[in-house]
There are 2 protein chains.
Amino acid sequence: MTKKSGSFHHGNLSDALVKAATQLITARKAMTFSVREVAQSLGVSHAAAYRHFKSKSDLLAIIAQTGFIDLRDALEAAQIRTSNKIEVKETLRAMGNAYIEYAIHNAGAYRTLFHPNICDVALYPQLHEVSFASLRVLIDILEMGQAQGIVAKAPNAANLATIIWSALHGYASLFLDKQISETGEYFAPPSSREAFLDFIYGGLFAK
Amino acid sequence: MTKKSGSFHHGNLSDALVKAATQLITARKAMTFSVREVAQSLGVSHAAAYRHFKSKSDLLAIIAQTGFIDLRDALEAAQIRTSNKIEVKETLRAMGNAYIEYAIHNAGAYRTLFHPNICDVALYPQLHEVSFASLRVLIDILEMGQAQGIVAKAPNAANLATIIWSALHGYASLFLDKQISETGEYFAPPSSREAFLDFIYGGLFAK
DNA sequence: AACAATAAGTTACCACTGTCAACATTTTGG
DNA sequence: CCAAAATGTTGACAGTGGTAACTTATTGTT
């Protein structure tokens, strides 16, 4: 991960910084990294990063942006994987599982998605756009389900999507923060993911 | 917030530090503070704090601990407020609202509850104990509901409680992180809290 | 009451962080 | 070919968590 030797310029430092930082937080399963160590890992001075990002928060925002895109891709992949099904039920289930899987296997990235330094919509509008794009995948499926007469029509699909998102986010977050576990290894009792999904989607189709 | 003037010793610096730090994060609605500024606000040198806490994380853990206790108190207050009701339905609803209210009105404290530096159960067992004590309030109500034949018997009350906790935590977290709002002021569509609670508890009593 | 032990402050330092300014070099466009 | 712009460099700054060595106050024992 060093620069092209002999060359003064790196070539594509901007992307390299994002990749290296993402790699770090992925390996650490936490969103802690310093700009300086990322620069050093690329064989570049610490100030070089600031030619490409106005601040560390800007770098965080880019990482989060690609994170949301990856998440959306994971959800879409789950949708395609179940596209042979006629009804929407199993697609929703697969998407719920995909969401939680993404959070668990990309703990560092998942945490940056909601980093307090980048939650200001006015400062990072594109970030919130891609966040909404992820949600859009869920909304679309729900609308499809409503058209099929399988999913309850009230509240509307958008509202339903935010509810399901909340639940999935809460489960994933508590899991990453070691407040709940499937095995009950902490103080809280064992919490089955399947039971969780049953419960959430059970409400969806009730009535 | 200065020390008793003229006296070398502060009197009760330990408590004062916790209170001052809590005050800071409450005012900022974020979990950012430095040990040094807290010490300075008490008219004391920065190193004095380290006579009472081995590390900043230890201080965070104490803050989180009292936070969990406050949360449990808020849940119990909701329970008492609805104790004239025969059935458990409205108590659960009130507790759901109390949980979200606590998170919103104590944003800084709520965030420290799940701070990554203190999520290791082995390092801070008492913290996870009080966390579980909060959950216990919910479990008890659910068990009562099951005894009344109102709440579904499967999954068991403990599992149900973690599911509801997940949902509430997700809603509160996304709300604090400005991913969802009741007015739809961001990219995500408006998300009604009442609709959210309807959905969550709807699943509880279904069948 | 005298005095050692301990508790609880102090200053001075360390390595590290984000960020910026001043300077150097490379690439690029006219 | 050269000025302009892009992209790198070093060196500084204030602020951070944390530790060590030192000083002062409190406390318990004789």
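Structure values in brief
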{"quantity": "Principal axis box of the protein assembly as shown, alpha-carbon based, largest edge first, Å", "calculated": "63, 62, 39"}
{"quantity": "Extreme residue, positive dipole direction of segment A:60-205, given options A:Gly202, A:Thr112, A:Leu174 (C-beta unit charges)", "calculated": "A:Gly202"}
{"quantity": "Distance violations [Cα-Cα > 30 Å] among A:Lys29/A:Lys56; A:Lys54/A:Lys178; B:Lys19/B:Lys178; A:Lys19/B:Lys19; B:Lys85/B:Lys153; A:Lys89/B:Lys153", "calculated": "A:Lys54/A:Lys178; A:Lys19/B:Lys19"}
{"quantity": "Unit charges at the beta carbon, dipole of the protein assembly as shown: most positive-side option, B:Ile150, B:Gln65, B:Ala27", "calculated": "B:Ala27"}
{"quantity": "Surface/4 of the Cα convex hull for segment B:101-207, nm²", "calculated": "8.0 nm²"}
{"quantity": "Probe 1.4 Å, protein heavy atoms only - accessible area per residue of the protein assembly as shown in square angstrom", "calculated": "46 Å²"}
{"quantity": "Normalised contact order of segment B:63-207, rounded percent, pairs of Cα under 8 Å and 6 or more residues apart", "calculated": "24 percent"}
{"quantity": "Share of carbon and sulfur in the accessible heavy-atom surface of chain B [1.4 Å probe, %]", "calculated": "54 percent"}
{"quantity": "Cβ charges +1 (Lys, Arg) and -1 (Asp, Glu), total dipole of segment A:63-207, debye", "calculated": "260 debye"}
{"quantity": "Degrees, to the nearest 10: A:13-28 long Cα axis against longest axis of chain A", "calculated": "60 degrees"}
{"quantity": "Accessible surface buried once B binds A (1.4 Å probe; total of both sides; Å²)", "calculated": "3800 Å²"}
{"quantity": "Segment A:1-160: equivalent-ellipsoid semi-axes (sqrt of 5 x gyration tensor eigenvalues, Cα, Å)", "calculated": "38, 16, 12"}
{"quantity": "Probe 1.4 Å - accessible area at B:Lys178, Å² to nearest ten", "calculated": "80 Å²"}
{"quantity": "Coil-residue chymotrypsin sites (Phe, Trp or Tyr not before Pro) of segment A:5-92, DSSP, other Cβ within 10 Å capped at 15", "calculated": "A:Phe8"}
{"quantity": "Ascending list, in nanometres, of distances separating the A:Ala122 label from those of the other copies (7 Å, Cα toward Cβ)", "calculated": "4.6"}
{"quantity": "Dipole moment magnitude, nearest 20 debye, the protein assembly as shown about Cα centre, only Lys, Arg, Asp, Glu C-beta charged", "calculated": "1020 debye"}
{"quantity": "At most 14 other Cβ within 10 Å, DSSP loop - GluC sites (Glu not before Pro), segment A:59-154", "calculated": "A:Glu87"}
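The values are calculated or read from the model by the stated rules, or taken from the named source; none is laboratory data. A quick note: this is a predicted structure, and the numbers were derived from the prediction, not measured. Using ideal geometry, Cβ is built from the backbone for each residue, glycine included, and neighbour counts are taken over all protein chains shown. Surface areas here come from the heavy atoms of the whole protein model, side chains and all, with no ligands, DNA or RNA. Shrake-Rupley method; radii C 1.70, N 1.55, O 1.52, S 1.80 Å.
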